[in-house]
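J.: Dropping the structure in here first, questions after.
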Amino acid sequence: MRKFTLVFILLVFVLVGCDTLKEKDPTSKSELTPLFNESTDYTKQLEQLEKISIHEEYHYYPVKELSIFFTHAIDLIQIQEVELLSEESSVAVITGSDNISVKDKNLLILKNTPLLSHFDTVVIKEGRTQKKIKIFVGDYYFSGHAYQDQLVTGKEMFVRKNHYKQSNGKITYKISFNNIPESDIQFTVPDSLSRIATTEQKLISKDSSLITYQYEVFIPKSYFEKQKISGFNFSLHADQVNSNSRKTIFEAFIPLTAADYLAED
């Protein structure tokens, strides 16, 4: 997995569709022989999808639009309904083409979902065969809060420059903002990381026009080993804070893999 980019080992299954055959002259040999063996292949491939199990964790802030990553292509599945399970219990059912879409072949987008705290399994109801495909997608945790208070016009802080570094489980962001008097920046990660990660925020420099912070997050390698996971992904927020308001003005999604640690040993 490269820095800044969620890169997954794609195990691509080409899901081939077929239209319903209209009945034609049964005396034709070519039409007695099935022309679309793809329909059988399609069903088998749906069954293969259920064998996929993703051993990663995702720690995000609660949202009503979910992005769920798969290690295989799902863009040719005719998705009629999606059910989310948390430890085998149903926590959400999403229906309708306006609420379900696939992006970049392996990213399932679900809109207008309830605010969830956890799910680990996706059950896709496939529209062509009506088959329900159950896939373990890893543990998705949602906690914490994104702030959206209204800031005074002309008093907003913006990112001027930022630098990212990752080394052996330690993520370091150094970010500069325009300096707004009586405002400060507070970095946060989802509450679920409090039992896993250590964090530290520092003020690096400050002048009349620019203020620079450093924020570090450390995920120990032992957590990967204990949880038997290959990937760990989380959100990072920076909030502008003053006496009257607080607003999230910067957001990053950070990926880590077990291989990141091995490369440093």
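The values are calculated or read from the model by the stated rules, or taken from the named source; none is laboratory data. What you see is a predicted model; the values in this text were computed from it and never measured. Because the Cβ atoms are built from the backbone with ideal geometry, glycine has one as well, and the counts that use them run over all protein chains shown. Only protein heavy atoms, including side chains, enter the accessible area calculation; ligands, DNA and RNA are left aside. Shrake-Rupley method; radii C 1.70, N 1.55, O 1.52, S 1.80 Å.
J.: Determine whether ASN233 is assigned to a loop (DSSP other than H, G, I, E, B) and either in contact (Cβ under 8 Å) with a residue 24 or more places away in the chain or surrounded by fewer than 16 Cβ atoms within 10 Å (Cβ to Cβ) (or both).
T.: On the way: assigned to a loop (DSSP other than H, G, I, E, B): no; either in contact (Cβ under 8 Å) with a residue 24 or more places away in the chain or surrounded by fewer than 16 Cβ atoms within 10 Å (Cβ to Cβ) (or both): yes.
When the stated conditions are applied, ASN233 does not pass them.
J.: Separate question: Looking at the range 64-75, which of the residues that are at pLDDT below 95 and surrounded by 15 or more Cβ atoms within 10 Å (Cβ to Cβ) is farthest from ASP41 (Cα to Cα)? Give the steps one after another, and end with the answer.
T.: In the first step, residues of the range 64-75 are kept if they are at pLDDT below 95; the result is 64, 69-75.
Keeping just the survivors that are surrounded by 15 or more Cβ atoms within 10 Å (Cβ to Cβ) gives 69-75.
On the way: PHE69: 24, PHE70: 20, THR71: 20, HIS72: 16, ALA73: 15, ILE74: 15, ASP75: 16 Å.
Step by step, filter the range 64-75, then rank; the result is PHE69.
J.: Considering each of SER97, SER86, SER90 in turn, give the residue that is within 30 Å of ALA197 (Cα to Cα) and surrounded by fewer than 15 Cβ atoms within 10 Å (Cβ to Cβ). Give the derivation first.
T.: Working: SER97 fails: within 30 Å of ALA197 (Cα to Cα); SER86 fails: surrounded by fewer than 15 Cβ atoms within 10 Å (Cβ to Cβ).
Going through SER97, SER86, SER90 in turn, the sole match is SER90.
J.: What single numbered condition from (1) over 25 Å from the mean Cα position of the chain (by Cα); (2) assigned to a strand (DSSP E or B); (3) in contact (Cβ under 8 Å) with a residue 60 or more places away in the chain fails to hold for GLN166?
T.: In the conditions (1) over 25 Å from the mean Cα position of the chain (by Cα); (2) assigned to a strand (DSSP E or B); (3) in contact (Cβ under 8 Å) with a residue 60 or more places away in the chain, GLN166 misses (1) alone.
J.: Within the bounds of the range 220-228, is there any residue that is open to solvent by less than 30 Å² (accessible area, probe 1.4 Å) and in a strand (DSSP E or B)?
T.: Residues of the range 220-228 that are open to solvent by less than 30 Å² (accessible area, probe 1.4 Å), as a first pass: 223-224.
If we keep only those that are in a strand (DSSP E or B) as well, we get none.
Checked against the condition, which is being open to solvent by less than 30 Å² (accessible area, probe 1.4 Å) and in a strand (DSSP E or B), the range 220-228 yields no hits at all.
J.: OK, next. Could you list, in sequence order, all residues of the range 130-143 that are open to solvent by less than 60 Å² (accessible area, probe 1.4 Å) and either outside any loop (DSSP other than H, G, I, E, B) or of a type outside the set (Lys, Arg) (or both)?
T.: At the first step, the residues of the range 130-143 found to be open to solvent by less than 60 Å² (accessible area, probe 1.4 Å) are 131, 133, 135, 137-143.
Correct list: ILE133, ILE135, VAL137, GLY138, ASP139, TYR140, TYR141, PHE142, SER143.
J.: A follow-up question, please. Just checking, which of ASP120, ASP104, ASP98 is free of Cβ contacts under 8 Å to residues at least 40 places away in the same chain and in contact with a Gly (Cβ under 9 Å, 6 or more places away or on another chain)?
T.: Numbers: ASP104 fails: in contact with a Gly (Cβ under 9 Å, 6 or more places away or on another chain); ASP98 fails: in contact with a Gly (Cβ under 9 Å, 6 or more places away or on another chain).
Residue meeting the stated conditions: ASP120.
J.: Pick from the range 100-119 the residues that are of a type in the set (A, V, I, L, M) and either in contact with a Cys (Cβ under 6 Å, 6 or more places away or on another chain) or assigned to a strand (DSSP E or B) (or both): which of them is most open to solvent (accessible area, probe 1.4 Å)?
T.: Step one: filter the range 100-119 for residues of a type in the set (A, V, I, L, M), giving 100, 102, 107-110, 115-116.
The next check asks that each one be either in contact with a Cys (Cβ under 6 Å, 6 or more places away or on another chain) or assigned to a strand (DSSP E or B) (or both); those that pass are 100, 102, 107-110.
Values: ILE100: 20, VAL102: 51, LEU107: 23, LEU108: 0, ILE109: 17, LEU110: 0 Å².
Checking each candidate, the answer is VAL102.
J.: So which residues in the range 186-208 are among the aliphatic types (A, V, I, L, M) and open to solvent by less than 20 Å² (accessible area, probe 1.4 Å)?
T.: The first filter runs over the range 186-208 and keeps only residues among the aliphatic types (A, V, I, L, M), leaving 189, 193, 196-197, 203-204.
LEU193, ILE196, ALA197, listed by residue number.
J.: Scan (1) hydrophobic (A, V, I, L, M, F, W, C); (2) in contact with a Gly (Cβ under 6 Å, 6 or more places away or on another chain); (3) under 24 Å from ARG160 (Cβ atoms) for the single condition ILE249 breaks and write down its number.
T.: (2)
J.: To continue, here is another question. What pairs come out if I take residues in the range 238-251 that are at negative phi and β-branched (Val, Ile, Thr) and pair them with residues that are surrounded by fewer than 18 Cβ atoms within 10 Å (Cβ to Cβ) and not in a strand (DSSP E or B) whose C-beta lies under 6 Å away, six or more apart or interchain?
T.: These pairs meet every condition: THR248/ALA146; THR248/TYR147.
J.: Count, please, the residues in the range 141-157 that happen to be modelled with pLDDT of 90 or more and among the β-branched types (Val, Ile, Thr).
T.: Qualifying residue count for the region: 1.
J.: In the range 163-185, what count of residues is obtained for those that are in contact with a strand residue (DSSP E or B) (Cβ under 8 Å, 6 or more places away or on another chain) and open to solvent by less than 80 Å² (accessible area, probe 1.4 Å)?
T.: Of all residues in the range 163-185, those in contact with a strand residue (DSSP E or B) (Cβ under 8 Å, 6 or more places away or on another chain) come to 163-166, 169-180, 183-185.
So of that shortlist, the ones also open to solvent by less than 80 Å² (accessible area, probe 1.4 Å) come out as 164, 166, 169, 171-173, 175-180, 183-185.
Adding up the residues that qualify gives 15.
J.: So, in the range 209-249, exactly how many residues are under 17 Å from the mean Cα position of the chain (by Cα) and of a type outside the set (Gly, Ala, Ser)?
T.: Initially, the range 209-249 is screened for residues under 17 Å from the mean Cα position of the chain (by Cα), giving 229-237.
Filter again for of a type outside the set (Gly, Ala, Ser), leaving 229, 232-234, 236-237.
Summing the residues that are under 17 Å from the mean Cα position of the chain (by Cα) and of a type outside the set (Gly, Ala, Ser) in the range 209-249 gives 6.
J.: A further question on this structure: Has the range 120-129 got at least one residue that is farther than 30 Å from SER90 by Cβ, modelled with pLDDT under 95 and open to solvent by less than 60 Å² (accessible area, probe 1.4 Å)?
T.: Initial filter on the range 120-129 (farther than 30 Å from SER90 by Cβ): none.
No; the residues of the range 120-129 include none that is farther than 30 Å from SER90 by Cβ, modelled with pLDDT under 95 and open to solvent by less than 60 Å² (accessible area, probe 1.4 Å).
Per-residue answers, yes or no, for (1) under 30 Å from GLU83 (Cα atoms); (2) of a type in the set (A, V, I, L, M, F, W, C); (3) without any contact (Cβ under 8 Å) to a residue 24 or more places away in the chain:
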| position | (1), (2), (3) |
| --- | --- |
| ILE135 | yes, yes, no |
| TYR140 | yes, no, no |
| GLY144 | yes, no, no |
| LEU151 | no, yes, no |
